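> Can you read through this structure? Questions will come right after.
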Amino acid sequence: MDGGRAAASWKKCTRAAQVLELVLEKPGSSWAGLPSDRLVSAAHAVARWHRYAKSTGTARAGRDTGKDAEWLKAASLLVSRTAELQPSSLAAVCWAFASTSTGVFLPRVMESAIAKVHEQAAADLGRLAWSAVELVDVATARNALHCILEAMARKMASHPVHSLQILDIAQVAWSMARLTVRSDTAVALRQAAICKLSTCSTCDSRHLSNLAWSFVKLSCADEPLLKHLAARAVDTVGTLHPFGPQELSNTLWAFAAATHAHTMRDADVWGCLNQLFASAQSMPGSLSGQHLANILWAAARLGPLGPLGPLGPGGSQGRQPQPGTLSNVFLVLGQALVRGRVVELAPQQLAAIVWACAAAGGASTQNKRSGGYRDPELLAALEGKMACRLTEMTPRAFANVLWGFATLAFLSESPHARARLYAAAVSHSAEMSAQEFAITAWSLGTLQAVVHLQALASLAATASTAQLPSSSATNEVANLVWGLSHAGLSAGLSAGLSESIPSPLLEMIHGSIEGLAHQAAHGEPIDLRGLSMLARGLLKLSLRDAFHGLLDHALVSVPELSPDLASAFLVGATELGDAQHDCERRVWAHLGLGDGGGEGGEGGEGGEGGEGGEGVQKWPSRVGREAELLRFVQRFASRGDAQAVLSMVEAFCKSRKLWLKVAGSEKAQVLEQVLETLRPNSVLEVGCYVGFSAIRLGAAVRNWGGRVVSLEMDPVFALISREMVAHAGLSEVVDVRVGHSELILSRLPAKSFDMCFFDQRGNRFLEDLEQLERMGKLSRKAVVVADNVLKPGAPAFLWHVCSKSQTWRTLIVELRDFGTCGVLDWMSVSQRGATRGEPPRGCDGSIPQAIQHLAWQADDMRWRSIDYHVAPEEWTEFAEYMKTSLKSAGLEAELRDIRDLPLMSCWLETAPDRDTQTSENDPRQWGLAD
Ligand SMILES: C[S@@+](CC[C@H](N)C(=O)[O-])C[C@H]1O[C@@H](n2cnc3c(N)ncnc32)[C@H](O)[C@@H]1O
C-alpha cells in the first residue's frame, strides 16, 4: 500500500484503534452491560481496524479478530439481540461480520436484515450486498442479493439518482458480478454510475476499479461507461487515492475484457490505459503473481493497435525497448515474474501468461503472424512451474499453454519435460471443448509432437460429437484436420490414414465444406487461411472426396482465392487427375489466368504484342511489378537468350531502383561456382518467385544435359516464372511446379537430386531438408545451397548442417545482399556424405534454446518485413545482431571475400555419387515435354 493512502486510512482508523484497544484489550471488559447501539459501534470499529490491518499488511494489531475471544463474545451477543436492532444497524453488523471472518454469525443477522430490506437506506443496501458475498451458502447469498436488488430498483425508481453514492453502486454491482447474478437492475445501476461519474470531481480508485471490473463481468460495460471511468481514472492518478496493484490489475483486466474497448479506439481511453500501464511498470515489485498475470493478459488482449502500440523490434534484436511500449511492459513485468513471482502463480495464471506472451504481437488462433514476446528465460520459468502443477491444470489451460508454446516455437530443452506436458494435455483432451480440442491438435502438429498427435487422433475417433467442432466453425475444423494430418506426414504415414479418421469427424468436415455456400450467401467473412489449412490437411490425409468437395464449393463461394489456397488446390487437382471435374483448369480460370500453361509447358504467349494485345495475360494487380518485369524482359531480351533475360532482370531492378527478392550479383556467383564445380544433373529449387535463379540454374545444367525442378507456392508467380523460363528458351530444362514444399516434395517424380537451392522461408529449410532425406531424394554427395541464412536467417537449419548432423559439411559465405543497399548476408553450401568429427557433447538431437530463439526472431523479422517496411539500417542492425548471436552458438562465416569463391572447388567433392542414374534424364520423370 502506498504512503498516501496508508496515511489517510490511518487517520480514519485511529478512532477504531482506540476503541479496539479500549474494548478488546481491557481486561474484564463487560460486553453484556453495553447497550446495543454501543455494541454496534464497537463491532464497526473492530471491523474497520481489521480491514485496515489487512489492507496495510501491518499486523500492528497482532491479532486475528476472527479468532479473538473478546470479539467473538461481542459478536454472539449481537446475534442474540438482532430483534432489537434498527435496519441500518443490522446492515452495519452484517458488514462487520463479513469483514472480520466471523461468517458463522452472518446468516442469522443477514436474515433479519433482509426481512427489513425495504427500510434500508441505499448505503445500507450497498453494505448488505457486499456482505452477502461472504455467506457460505451460495444459494442463500443469491436469494439475499435478489431481495437487495429489488429494494435497490425501487429506490432508484422513487429517488433521484444523485442520492446514490458511487460506493453504493460499486458495492451492489460488485456483489452481482461475484455471485453471477443477472438482473435488469444492472442496467439501471450502470446508468446511475454514468450519471455520478459525470458529476463527481474525484473518485476513489477502488470504486473505479470495482465498477469497471463488475460491469464488464456482468457484460454490460458500454462505451459511455468506459469513457467516464477512463476520464475519472486519469483524474485519480497522482491523487491521494492513486491506483494500487489490485486496482490496476482489475481495471486493466476489465478494459481488455470489454469488447467495446477494442472497437472504440478512443484517444482518451487509450491515454488513460497508457497511464495505468505506466503505473504498473513503476511498481513491479508490489505486484503479485495474479496482478502480473492480469496486466500481461490485458496488454496482449488490447492488441498491437492498443494503447501501447505494436510490439516493437526491441525484443527481437536484443535492444532495450522504449518505455511506454508493449515490449517494455512485457520486459519489466516478465522480469518481475522471473525474479520470483512465478512461484505464486496458479496453473490458470501460468497459462494466461504463456497465452499473453504469444498473443502480444497480434497472433490468434486464426492468424499466426509475427510478434509475440518470446523471452526464453520467462518461458522456461513458466514451464518449470507448470511441470509441478500439471495435475491441477484445466483442459483450457492446457490448450492455451500449447497454443502459446507452438506460436512462440518454444520447445523445452528437456525432451522428458516436453513429453510430460504433451501427454498430460492429451489425457485431458476428453474434457476439452471443441475449440480447445482443435487448438490442441494444431499446436501438437506445429510442435511436431507426432506420437502425441497420434494419441489425439485416436481419441478423436471416440470423441463425442459435442467435442468435435461444429461444422460451421471452419477455422476449428481446419485446425483439427491440419494438426492431425501433420502427424501422418511427419511419421511418413500419409497414405492410408484416411481409414483411421472417425466418421463423426468426416461428417463434420463435409458439413463445414457445405457450410461455405451458406456463409457466402449471408455475406459472412470466409477465413481463407483456415480454408488453405483445411485443403492441405485433406490432401495429406488423402481424403479425396472431401478435398474435391472443398474445391468445388470454394470455387463457387470464394470470390478471390489466396495464393496458399489456390496452390493447395492446384497440387490436389494435379494429383486427382480428374478429367471429369477439370479441376486444374477451373482453378486457373478462377484466378483469371487462362490454363496456367500446364506442367512444364510453354506458358501463355507473352508480350511481343505489347500491352493489351491479343493473348496478353491480364495479371492480378498484387503482382504489378513482377508483371511489369515480365513485360520488360519480353520486350528487351532476345527470345531464347537466357543470359539476356538475366541481365534484363538486373537492369530492371537498377533502372526502377527496385528491390526484388532474387539471388543476383554476389549470390549468383556462389550458385555459378557450385554449378561449375559440381556439374549437377538434377537440381531442385524451392522458391522460384519470377524464375530468375531457375533460369541461371537451367542455363548452366543445359550444358551437360541436366534438369531443374523449381517449386513456387504462389500460382501467379509460378505462371510468371514459366513465361520467363519460356522466354529464356529453357522450358525443356526447367520445370516450374506450383505448390508449397510441405505438400509437393512428397509428390515429386521418384528421383534424387544432386543439388538443391533453398530460397523459401528460412524456417522451412530444416523441415524440407529432413523430408528430402527421409524420402531418399538426395544423392549421396548432394549439395544444398541455402540463401538468406543470416538475414532474416535460418538458424535451426544452420545448426543442423554445421553442428548436429554428421552427414553434412558446410561452408558459410559472407556476401552482400542483392539490391538492399548491400546489407550483409550469408549463403551456406553444405555437402552431404562427408563425415565430420565427433558430435558436440550433450547433443541429444533437440534444438538448443538459443537456436530456437534465433529461429523465432528470424521468422518474426521476416513477417515484419512483409507487414511493414523495414528500412535498410534496420536490416543492417538485424544482420549484425544475428551474426553476433550465431557466433555465440559457434556458427561463423568462413569465406568472407567473394574473390575467394574459386576455393570452393577444392572444398567441394565433385562428381556427385548418383543413386538413380537410370531414371534421371528421362524427361517423362520430370513432367517435361519430350
Ligand atoms: C526469395 S524468393 C525466391 C527467389 C528466387 N529463388 C530467385 O533468386 O530468383 C522466395 C519465393 O519462395 C516462395 N516460397 C516461399 N515458401 C515456399 C515454400 N515452402 N514452397 C514453395 N515456394 C515457397 C515465395 O512465394 C517466393 O516467391
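The values are calculated or read from the model by the stated rules, or taken from the named source; none is laboratory data. Model, not experiment: these values are computed from the prediction. A quick note on method: Cβ atoms are made from the backbone with ideal geometry, for glycine too, and the neighbour counts reach across all protein chains shown. The protein model used for the area step is the full one, side chains on, heavy atoms only, and it has no ligands, DNA or RNA in it. Shrake-Rupley method; radii C 1.70, N 1.55, O 1.52, S 1.80 Å.
> Can you tell me how many residues within the range 887-905 are over 11 Å from residue 850 (Cβ atoms) and either touching a strand residue (DSSP E or B) at 6+ places or on another chain (Cβ under 6 Å) or not in a helix (DSSP H, G or I) (or both)?
Result for the range 887-905: 7.
> Out of the residues in the range 654-690 that are closer than 14 Å to residue 626 by Cα and among the β-branched types (Val, Ile, Thr), state the one that is farthest from the ligand (Cβ to nearest atom).
That would be 690.
> Here is a further query. May I ask you to list pairs of residues, at least six apart or on different chains, whose Cβ atoms are under 8 Å apart, with the first in the range 528-549 being at positive phi and the second being open to solvent by 10 Å² or more (accessible area, probe 1.4 Å) and modelled with pLDDT under 90?
542/494; 542/495; 542/496; 542/497; 542/498
> Right, another one. What is the number of the single condition among (1) at pLDDT below 90; (2) open to solvent by 30 Å² or more (accessible area, probe 1.4 Å); (3) under 21 Å from residue 223 (Cβ atoms) that residue 274 does not meet?
Exception for residue 274: condition (1).
> Given the criteria at pLDDT 80 or above and surrounded by fewer than 11 Cβ atoms within 10 Å (Cβ to Cβ), does residue 873 qualify?
yes
> Given the conditions (1) in a helix (DSSP H, G or I); (2) over 30 Å from residue 646 (Cβ atoms); (3) modelled with pLDDT of 90 or more; (4) more than 16 Å from the ligand (Cβ to nearest atom), and given that residue 573 satisfies all but one, which numbered condition is not satisfied?
Only one criterion is unmet by residue 573, namely (3).
> Report yes if residue 363 is modelled with pLDDT of 90 or more and either among the hydrophobic types (A, V, I, L, M, F, W, C) or touching a helix residue (DSSP H, G or I) at 6+ places or on another chain (Cβ under 8 Å) (or both), otherwise no.
no
> Can you tell me which residue within the range 694-744, out of those that are basic (Lys, Arg) and more than 25 Å from residue 587 (Cβ to Cβ), is nearest to the ligand (Cβ to nearest atom)?
So the residue we want is 696.
> Would you pick out the residues in the range 766-780 that are open to solvent by 10 Å² or more (accessible area, probe 1.4 Å) and more than 16 Å from the ligand (Cβ to nearest atom)?
If the condition is that a residue be open to solvent by 10 Å² or more (accessible area, probe 1.4 Å) and more than 16 Å from the ligand (Cβ to nearest atom), then 773, 774, 776, 780 are the ones that fit.
> A follow-up question, please. Restricting the search to the range 201-235, which residues are polar (S, T, N, Q) and surrounded by fewer than 24 Cβ atoms within 10 Å (Cβ to Cβ)?
201, 202, 219
> Right, here's the next one. Which pairs do you get when a residue that is within 12 Å of residue 817 (Cβ to Cβ), found in the range 654-674, comes within reach of a residue that is open to solvent by 50 Å² or more (accessible area, probe 1.4 Å) and away from the ligand (no atom under 11 Å from the Cβ), reach meaning Cβ atoms under 8 angstrom, with the pair 6+ apart or on two chains?
If the second residue must be open to solvent by 50 Å² or more (accessible area, probe 1.4 Å) and away from the ligand (no atom under 11 Å from the Cβ), the pairs left are 660/625; 665/816; 666/816.
> Tally the residues that are modelled with pLDDT of 90 or more and in a loop (DSSP other than H, G, I, E, B), restricting the search to the range 277-314.
Qualifying residue count, the range 277-314: 3.
> Assuming residue 755 fulfils every condition listed in (1) within 13 Å of the ligand (Cβ to nearest atom); (2) crowded, with 24+ Cβ neighbours inside 10 Å; (3) of a type in the set (A, V, I, L, M) apart from one, which condition is it?
The single condition residue 755 does not satisfy is (1).
> So which residues in the range 169-200 are of a type in the set (Val, Ile, Thr) and either part of a helix (DSSP H, G or I) or open to solvent by 10 Å² or more (accessible area, probe 1.4 Å) (or both)?
169, 172, 180, 185, 187, 194, 199
> Here's a follow-up. Can you name every residue in the range 632-653 that is open to solvent by 80 Å² or more (accessible area, probe 1.4 Å), assigned to a helix (DSSP H, G or I) and away from the ligand (no atom under 16 Å from the Cβ)?
635, 636, listed by residue number.
> Taking the conditions exactly as written (without any contact (Cβ under 8 Å) to a residue 40 or more places away in the chain and within 16 Å of residue 272 (Cα to Cα)), does residue 204 satisfy them or not?
Against the criterion (without any contact (Cβ under 8 Å) to a residue 40 or more places away in the chain and within 16 Å of residue 272 (Cα to Cα)), residue 204 qualifies.
> Filter the range 200-236 down to the residues that are farther than 18 Å from residue 165 by Cα and of a type in the set (Val, Ile, Thr), then identify the one that is modelled with the lowest pLDDT.
Taking the candidates together, the pick is 234.
> Of 671, 684, which residue is at pLDDT 95 or above, in a helix (DSSP H, G or I) and among the aliphatic types (A, V, I, L, M)?
671
> From (1) at pLDDT below 95; (2) assigned to a helix (DSSP H, G or I); (3) more than 16 Å from the ligand (Cβ to nearest atom), pick out the condition that doesn't hold for residue 798.
(1)
> Okay, next question. Return the total of residues in the range 675-698 being in contact with a helix residue (DSSP H, G or I) (Cβ under 7 Å, 6 or more places away or on another chain) and surrounded by fewer than 22 Cβ atoms within 10 Å (Cβ to Cβ).
2
> Sticking with this structure for a sec: Which residue out of 801, 789, 783 is in contact with a Cys (Cβ under 8 Å, 6 or more places away or on another chain) and crowded, with 22+ Cβ neighbours inside 10 Å?
Exactly one of 801, 789, 783 is in contact with a Cys (Cβ under 8 Å, 6 or more places away or on another chain) and crowded, with 22+ Cβ neighbours inside 10 Å, namely 783.
> Pull up the range 413-448, narrow it to residues that are touching a Gly at 6+ places or on another chain (Cβ under 9 Å) and hydroxyl-bearing (Ser, Thr, Tyr), then point me to the one that is surrounded by the most Cβ atoms within 10 Å (Cβ to Cβ).
Here the answer is 440.
> Shifting gears a bit: Just checking, does the range 603-612 include any residue being at pLDDT below 70, buried (at least 20 other Cβ atoms within 10 Å of the Cβ), in a loop (DSSP other than H, G, I, E, B) and in contact with an Asp or Glu (Cβ under 9 Å, 6 or more places away or on another chain)?
So far as the range 603-612 goes, yes, one or more of its residues are at pLDDT below 70, buried (at least 20 other Cβ atoms within 10 Å of the Cβ), in a loop (DSSP other than H, G, I, E, B) and in contact with an Asp or Glu (Cβ under 9 Å, 6 or more places away or on another chain).
> Can you tell me which residues in the range 558-570 are more than 14 Å from the ligand (Cβ to nearest atom) and in a helix (DSSP H, G or I)?
Of everything in the range 558-570, just one residue is more than 14 Å from the ligand (Cβ to nearest atom) and in a helix (DSSP H, G or I), namely 569.
> Here is a list: 209, 219. Which entry is of a type in the set (S, T, N, Q), free of Cβ contacts under 8 Å to residues at least 60 places away in the same chain and not in a helix (DSSP H, G or I)?
219
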